[in-house]
Each structure stands twice: as C-alpha cells, then as structure tokens.
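In what follows, a structure is listed as structure tokens, so that the remarks can point back to it.
The values are calculated or read from the model by the stated rules, or taken from the named source; none is laboratory data. Quick caveat, the model's predicted, so the values are computed rather than measured. Cβ atoms come from the backbone with ideal geometry, glycine included; neighbour counts cover every protein chain shown. Calculation scope for accessible area: heavy atoms of the full protein, side chains included, ligands and nucleic acids excluded. Shrake-Rupley method; radii C 1.70, N 1.55, O 1.52, S 1.80 Å.
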Amino acid sequence: MKKVRINAKAAKELAHYAPWVYRSDIVSGMEYEPGELVEVVDEKDRFVAIGYINPASTIAVRVLSFKNVPINRAFFKTRILRAAARRVDIPSDACRLIHTEADFLPGLVVDRYADYLSVQFTTAGMLRFYETILDILVEVLEPAGMIVRAEEYAGKKEGFESFVREIGSVPDRVVIEENGVRFYVDLRSSQKTGFYLDQRRNRKIVTDYIKQRDCVLDCFSNTGGFGLYAKVKKNARVRCVDISEEVIALAKQNFDLNEATGEFVVANVFDYLRELRASKERFDMIILDPPSFAKSRSKKSAAMKGFKDITVNAMKLVRSEGLIALFSCSHHVGMEDLKKIALQSAKDNGKMVEVLEHLYQDIDHPYVLGNPYSLYLEGLLLKVIDL
Ligand SMILES: C[S@@+](CC[C@H](N)C(=O)[O-])C[C@H]1O[C@@H](n2cnc3c(N)ncnc32)[C@H](O)[C@@H]1O
C-alpha cells in the first residue's frame, strides 16, 4: 500500500479522530489513483491512519481506520454489523443504517425502508468496494430489493459517472411505520434518499407539546412528517405547505393512508407567511423546517436573513403563548445562531421567547466527536410569550 505523508497540523487533528485529510496538508507527492487505499503517515513516517485518497478532491483522504488493520470484506462486514446493531431500538421499520463518516464508512449511506434498501455511494474510494458492500448488505440484511445510486453532484467532485440501479424489485412506493404513523416512501425520489428519517425523534418531541384540536401549520412539510404526527396523535387541525407539487401530492396520500384529514398548499413559504399575515388566521404551532440554506460557510449570512424572515413572520402568526419549532439542517447555522435569530425576531415583534427544547438529528444519524460536521441538524422548540 502506498503511503501519504501529512503535516504536523493534520497529524494532530487525526490524533483527535478528524476523519479527513485536506489536499493542502499533504507533504508527499500526489501520484495516486482516485480512490486508492493509502497508509497515512506523519512527517516522521509514523502510522496515523488507513484511508483512501482522491487527488481530485479538496478532501484528499478519508479515513477508514485509525488502526493498522487489513481493509477487506471482514473489515466492512464488521463495520456494517456494528452500525446495524446500534439501531435496533429505533421505533420504526425505517432508519438510516449507515451514515458515512459517522459510521466510519466514508462515502456510503444506506437507508432501510421496511424490506428495501436505498444505497448511495458518494466517493470514488467507496465505489472501489461496490461489489463487496452490496454482497455484505445482501448477506446481512436480506433486502427484498435495493435502489443503488451514485449521484451526479458527487461524481462531479470525485470524477465518477453517476448512475441509479435497481437490484431485485422495488415497488414505486414502500409503506413504512414510524412511532405508529404510516408513510409512503418513494425510494426513487431525488430528495434525500426518500424520507427525512433524521427528524423522527423531533416529530415525536414536538407532537408531545401539541394539544387536542390545536391548529398546526407545517411549513416546508415535505411529505407531511410533522403535520401527520400532529393529526394522528393529537387530532390537530393541520395545514402542510411545501413548494414542491410532487411532495404535497404524496403528503395528501400519506394522510389518506392514516385515514386522516388535512389541508395542503403548494407555495413558497416566504411568500405564504406574508399572505397569511393579512388574514385573520392564527396558529397554535408553526413548524419551520427549511432546506439547507447554507451549504457552505460563505452562504451563512444570506441563510441567516432567510431564517430571520420566516421566523419574524411565524411569530406574527402564532397565538399568544404559541409554539414555533425552528430547524436548521445546515452545519453552518447551528444552535447558537438559531437562538440569535429567535431572540432578534422576538424583539422585532415586541415579544419574548422561551426555549422548551433543544432538538437534534435522531440517533441513526450519529454525531461523533472529532467530526464536527457529523452534527448537522439542530433545532429549537420555542414558546412565544408576551412582554
Ligand atoms: C428539510 S425538508 C422538510 C422535511 C419535513 N419537515 C419532514 O419531516 O419530512 C425541506 C422541504 O422544503 C421544501 N422547500 C424548499 N424551499 C421551499 C420554499 N421556499 N417554500 C416552501 N417549501 C420549500 C422542499 O421541497 C422540502 O420538501
């Protein structure tokens, strides 16, 4: 196996379990094949980690192990079995089984939806183990079918051709059950790998605060996750709003699947909240779960403005002592940023806010220390109170 030498700064970071080596921290040459296995050594030639390298990527090396072990079928099988074992208590037949670096399998995402798997390869290095990984998944998990993809956005960065393959037979819709609520999931859909599994725990926590027959506005609803919990668990009066016709159509079908009724609006939430201000309608709870506004640090200030806009308007639309669940799924806008946005928005409205809950991604999307990027979904459940 070839060696790759890194500078002292990077060696120190890896000693604290940083999962990556940036190209700029490599002090040896860059004559490697995309995805080739490498031994990472420090400037004194001491072993640091084993990983795979892609000279084309800013993140040049992704660590597979901090121990000097053979990277073979047994290695991957142990990792996959461990990842699956960590998820046995999840109250659903759908969960993320492998969450890339956070499960020490960089470049691999595997979601289980009942009897089916959605598998994503995002790096040239992990694609080198394509056959091995699929073989292990079949052996260990015995899926009825799999959708396997390598997305275009990743292929452009890593230099591979994108693809979507079906292995076995996967129905157009799979029914999953989460905390007693049923959802259709379209595994072929382009949003995430089909369903926002990371919000499972938050859907439950937030719903526990809703009272019978409360009015709930689920903004950026996608296929109705939060809203449907509110309806099924608390018989709330629910309206789901999303910009995508496709997901709103599926949200309606999800309500039908649970013999529940709701209202559905295809709209841009930024505009829709403004329109509602002119009406007399007011809500007991508003959920704000927007897409990632800040994919990079440079987008942070625009993202903060976007958050402020929806939060200020949502505060005008909740009843006295009403609740707002505010989420950021961007690592660059974290908990402290959300608190700043909430406080500023409250001030602008002449109100105060109380934090009822700090919210995070569910445990099938692990947050491992040493890898700060593995924490990416944070939220606040807020009560808006009068001064
Ligand atoms: C993070 S997802 C929400 C997940 C959802 N809360 C759930 O539990 O399944 C964000 C959603 O926002 C929608 N979206 C993006 N921009 C929007 C906009 N300006 N107005 C309304 N919806 C938007 C996307 O279509 C996507 O469904």
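Brief remarks on what is shown
- Cβ-Cβ FRET estimate between Asp172 and Glu152, R0 fixed at 25 Å, reported to 0.05: 0.65
- Here the stretch 1-46 was treated as a single set of alpha-carbon atoms; its pair distances binned every 10 Å from 0 give 27, 61, 12 percent.
- Given in Å, the Rg to one decimal and the Dmax to the nearest whole number for the Cα atoms of the chain are 22.4, 70.
- Using C-alpha pairs under 8 Å with a sequence gap of at least 6, the mean separation divided by the residue count of the chain gives a relative contact order of 11 percent.
- A straight line joining the Cα centroids of the stretch 109-125 and the stretch 195-222 runs 26 Å.
- With a cut-off of 10 Å between beta carbons, the residues surrounding Lys316 carry a summed charge of +3, where Lys and Arg count +1 and Asp and Glu -1.
- Carbon + sulfur, % of accessible area of the stretch 304-355 - ligands and nucleic acids excluded, 1.4 Å: 53 percent
- Fluctuation leader among Ser292, Ser279, Ser189 - the chain, Gaussian network, Cα springs under 10 angstrom: Ser279
- Relative to the current alpha-carbon distance between Asp309 and Phe270, full extension at 0.36 nm per residue lengthens the span by 13.3 nm.
- For the stretch 149-192, GluC sites (Glu not before Pro) meeting the loop criterion (DSSP other than H, G, I, E, B) and having at most 11 other Cβ atoms within 10 Å: Glu161.
- Simple label model, 7 Å out from Cα along Cβ direction - Glu43 to Ala8, nm: 0.5 nm
- Taking Ala114, Ala294, Ala15 in turn, the Gaussian network model of the chain (Cα-Cα springs below 10 Å) assigns the largest fluctuation to Ala15.
- Phi-based couplings in Hz for the stretch 49-64 (Karplus 6.51, -1.76, 1.60; Gly and Pro marked x): 6, 10, x, 10, 10, 9, x, 7, 9, 4, 7, 7, 10, 10, 7, 9
- When only Cα pairs below 8 angstrom with a gap of at least 6 residues are kept, the stretch 73-168 shows a relative contact order of 21 percent.
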